[in-house]
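The values are calculated or read from the model by the stated rules, or taken from the named source; none is laboratory data. Note that the structure is a prediction, hence the values are computed from the model and not measured. Neighbour counts run over all protein chains shown; Cβ positions are idealised from the backbone, glycine included.
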Amino acid sequence: MRREVPIVICFLAGFFFISDFFIPEPHWTQIAHRVNQWAIIVIAFAYVLGVGNIVRVNSQVIKRKERDWGYKILLLSGLVLMIILGIGFGIKEGTTFNWIFMNAMYPMQATMFSLLAFYIASAAFRAFRIRTWEAALLGVTAVLVMIGRVPVGEFLWRPFPDFIEWIMNVPQLAAKRAIMIGAALGAISTGLKVLVGLERTYMGGE
Amino acid sequence: MDLGTIIWNTVALFLTLCIFSFLYKDNPFYKFAEHLVVGVSAGYFAIILYFNGFIPKVWEPVTQKGEWWYLLPTILGMMTWARFSKKWSWISRFAIAFYMGIAVGVAIPLEMQQRVIKQLHATMLPVHFTNIQGVWNLLIMLGVLCGLIYFFFSMGHKGVVGGAARLGIWILMIGFGAGFGLTVMGRISLLADRITEIHNWYLMVTKALWGF
């Protein structure tokens with residue numbers, strides 16, 4: 001009962017939306033649109049689950065005074081502060097909530113991603129060795145694309161940017177399409193397995 | 001320039017430098033910024049969902065328009081919270097199954113239409129030898145076909161199929177290489193943006209202090 005009913009719910013919800021695609025009937029589409037809104041509401045409430053989990057895990061670390069417990073207080077303070085500021089004073093431009101986003105959250109996230117400029121290069125240098133023809137193709141293409149995207153590429157060889165455009169528009173495009181089609185077919189088959197109840201890992205538990 | 005803007009920009013600069021300090025090694029400044037960004041981000045997205053999800057999709061329809069049926073997904077959503085309890089976690093399966101059903105039901109036709117049929121349609125290009133574009137079109141078609149053959153494991157990669165799969169690997173490697181190169185360049189753009197921000201802060205402070 002605890003496993004079978006969710007499978008039936010999943011199948012009916014999925015089948016309903018697939019049928020909506022093939023039945024262009026206004027009332028049917030209207031119902032589908034409304035139910036789709038329901039899914040957004042469900043996922044919004046599920047986010048509370050994520051926040052609750054952050055609070056639970058970090059509170060335990062603080063309670064047991066484990067390693068870096070002081071930083072966990074900071075983490076929870078940031079979380080609570082943003083919630084209080086958002087609900088209490090709004091999120092429009094000019095509010096403290098917006099200021100914190102613009103001057104704390106955005107710079108920190110952008111800097112974290114920019115750090116990858118160093119680590120992606122050093123990781124590639126350490127892990128990547130050109131031992132095979134395939135590895136050479138990958139490495140040489142990566143280097144060519146990097147050089148071709150900066151002015152020095154054109155300085156070295158005038159038609160360099162055009163050559164990079166060709167790489168992007170012909171072999172890269174073909175590879176991207178093959179991956180996209182392959183991934184989509186894989187996603188569809190996994191989706192069908194979920195609908196008919198062959199794939200049940202999303203339910204978790206025993 | 002008002003004092004508030006200078007203070008906020010200085011905060012942004014301090015936090016940027018805290019994150020950059022990780023380039024030296026893991027240190028208290030980096031840990032401070034790391035934990036702050038996690039907490040602030042979690043709070044930020046919770047509030048964004050509250051204002052863009054809960055208020056317009058649940059609170060206003062129920063309290064202002066009397067559309068009580070929006071309470072049903074609210075109850076379903078609250079059922080996900082049962083995951084916190086080992087004893088009652090099975091209740092959350094109903095809500096997750098409902099969401100999974102909708103997500104899969106929407107995704108299957110969409111994936112088929114957008115990522116399979118449209119991509120195949122875009123690959124059906126005119127092949128000719130009157131100009132170079134016709135040859136590139138042939139290369140794109142062959143590249144997609146060979147790439148797909150590489151992903152097809154129901155047949156052994158031997159003989160003609162093996163040769164095509166090998167060509168497929170080469171095409172895929174070029175694609176991965178180009179993707180890697182673009183990712184590195186994207187990160188370098190972000191790095192340049194952060195360095196520009198530091199330089200802008202310096203200009204702003206010198207102008208505020210000494211007027212130039």
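Points to keep in mind about this one:
- Residue B:31 vs. criteria facing chain A (nearest Cβ under 7 Å), closer than 20 Å to residue A:32 by Cβ and in a helix (DSSP H, G or I): no
- Residues of region B:49-94 that turn out to be small (Gly, Ala, Ser), closer than 21 Å to residue A:50 by Cα and either in contact with a strand residue (DSSP E or B) (Cβ under 8 Å, 6 or more places away or on another chain) or in a loop (DSSP other than H, G, I, E, B) (or both), as a count: 1
- Candidate set from region A:180-206 (those that are facing chain B (nearest Cβ under 7 Å) and among the β-branched types (Val, Ile, Thr)); member that is nearest to residue B:123 (Cα to Cα): A:181
- Of the residues screened, residue A:96 is one that is more than 7 Å from chain B (Cβ to nearest Cβ) and in contact with a Leu (Cβ under 7 Å, 6 or more places away or on another chain).
- The set of residues from region A:125-146 being surrounded by 13 or more Cβ atoms within 10 Å (Cβ to Cβ), under 27 Å from residue A:162 (Cα atoms) and of a type outside the set (Gly, Ala, Ser) comprises A:134, A:137, A:138, A:140, A:141, A:143, A:144, A:145, A:146.
- One residue stands out in region B:131-161 among those that are among the small types (Gly, Ala, Ser), out of contact with any helix residue (DSSP H, G or I) (no Cβ under 9 Å at 6 or more places or on another chain) and more than 27 Å from residue A:165 (Cβ to Cβ): the one that is farthest from the other protein chains (Cβ to nearest Cβ), namely B:159.
- Test result for residue A:55, more than 7 Å from chain B (Cβ to nearest Cβ) and of a type in the set (A, V, I, L, M): yes
- Filter pass, residue B:128 being surrounded by fewer than 17 Cβ atoms within 10 Å (Cβ to Cβ) and at pLDDT below 90: yes
- Identity of the residue in region B:45-92, among the β-branched types (Val, Ile, Thr) and more than 22 Å from residue A:98 (Cβ to Cβ), that ends up farthest from the other protein chains (Cβ to nearest Cβ): B:63
This table checks each residue for (1) farther than 28 Å from residue A:199 by Cβ; (2) of a type in the set (A, V, I, L, M, F, W, C).
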residue	(1), (2)
B:24	yes, no
B:41	yes, no
B:85	no, no
B:102	no, yes
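- Scanning region A:107-158 for residues being facing chain B (nearest Cβ under 8 Å) and under 27 Å from the mean Cα position of the chain (by Cα) gives a total of 23.
- Listed conditions (1) under 26 Å from residue A:149 (Cα atoms); (2) at pLDDT below 95; (3) of a type in the set (A, V, I, L, M); (4) surrounded by 19 or more Cβ atoms within 10 Å (Cβ to Cβ) are all met by residue B:144, apart from (2).
- Condition check for residue B:106: within 26 Å of the chain's Cα centre (by Cα) and either surrounded by 18 or more Cβ atoms within 10 Å (Cβ to Cβ) or farther than 28 Å from residue A:190 by Cβ (or both): yes
- Subset of region B:15-28 (residues that are more than 9 Å from chain A (Cβ to nearest Cβ) and over 27 Å from the mean Cα position of the chain (by Cα)): B:24, B:25, B:27
- Against the numbered list (1) assigned to a helix (DSSP H, G or I); (2) surrounded by 14 or more Cβ atoms within 10 Å (Cβ to Cβ), residue A:186 comes up short only at (2).
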